[in-house]
Amino acid sequence: MRVFIALFMMFFAAAAQAAPFYQGVWVADGMTCDNGLKITKARMFGLENQCVLEDPVAIRGLDGILFDRFCEGEGMKSKDRILFLNGSDGRLTIFNAGFTVIYDRCP
C-alpha cells in the first residue's frame, strides 16, 4: 500500500507542474489564432516551417529563457539563438536576430 501511495504522489506532483510560460499558441499583429505561432516545450511551428528548441538557459534577473533553435521550412535549414521573455502583462516577447516581436496568447 505504501508503494502505491508513493507512486500516486509522484505522479500527482509531476502532473501538477505548470507548463513553461512560453508554451501555447501566440499571435502578433496581423495574425489570427488559426495561423498563430505554436510553441511546445521543445518545438516551434510557424507558417510552412518548424523548429527544434534545444539547450534552454534561464536568464538570471529576467523571467526569460534562451534557446538554440534549429529550423526547417520552404526547403531551407537554419540555426540561431532565440530569447523568450515572459511579460508581466501575460504577453510573450521574442528577441531573435536583432528583431523584437511581442505576441498575445490565444485562448
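Can you name the strands (runs of 3 or more DSSP E) wholly within segment 39-79 that have at least 3 residues being among the β-branched types (Val, Ile, Thr) and surrounded by 12 or more Cβ atoms within 10 Å (Cβ to Cβ)? Even if it seems obvious, please write down each step before you answer.
Details: elements: 43-46, 49-59, 64-73.
Answer list for segment 39-79: 49-59.
If only residues of segment 86-107 that are of a type in the set (D, E, K, R) and in contact with a Phe, Trp or Tyr (Cβ under 9 Å, 6 or more places away or on another chain) are counted, the one that is surrounded by the most Cβ atoms within 10 Å (Cβ to Cβ) is 104. A single entry from 84, 21, 67 fulfils the requirement of being modelled with pLDDT of 95 or more and either touching a Lys or Arg at 6+ places or on another chain (Cβ under 8 Å) or of a type outside the set (Phe, Trp, Tyr) (or both): 67. Scanning for something outside any loop (DSSP other than H, G, I, E, B), surrounded by fewer than 16 Cβ atoms within 10 Å (Cβ to Cβ) and of a type outside the set (Gly, Ala, Ser), does segment 16-34 turn up at least one residue? Yes, that holds for at least one residue.
Quickly run through segment 32-50 and pick out the residues that are more than 20 Å from residue 86 (Cα to Cα) and not hydroxyl-bearing (Ser, Thr, Tyr).
Hits for segment 32-50 are 34, 35, 47, 48, 49, 50.
The values are calculated or read from the model by the stated rules, or taken from the named source; none is laboratory data. Worth saying up front: this structure is predicted, and the values here are computed from it rather than measured. Every residue, glycine as well, gets a Cβ built from its backbone with ideal geometry; the counts of neighbours run over all protein chains shown.
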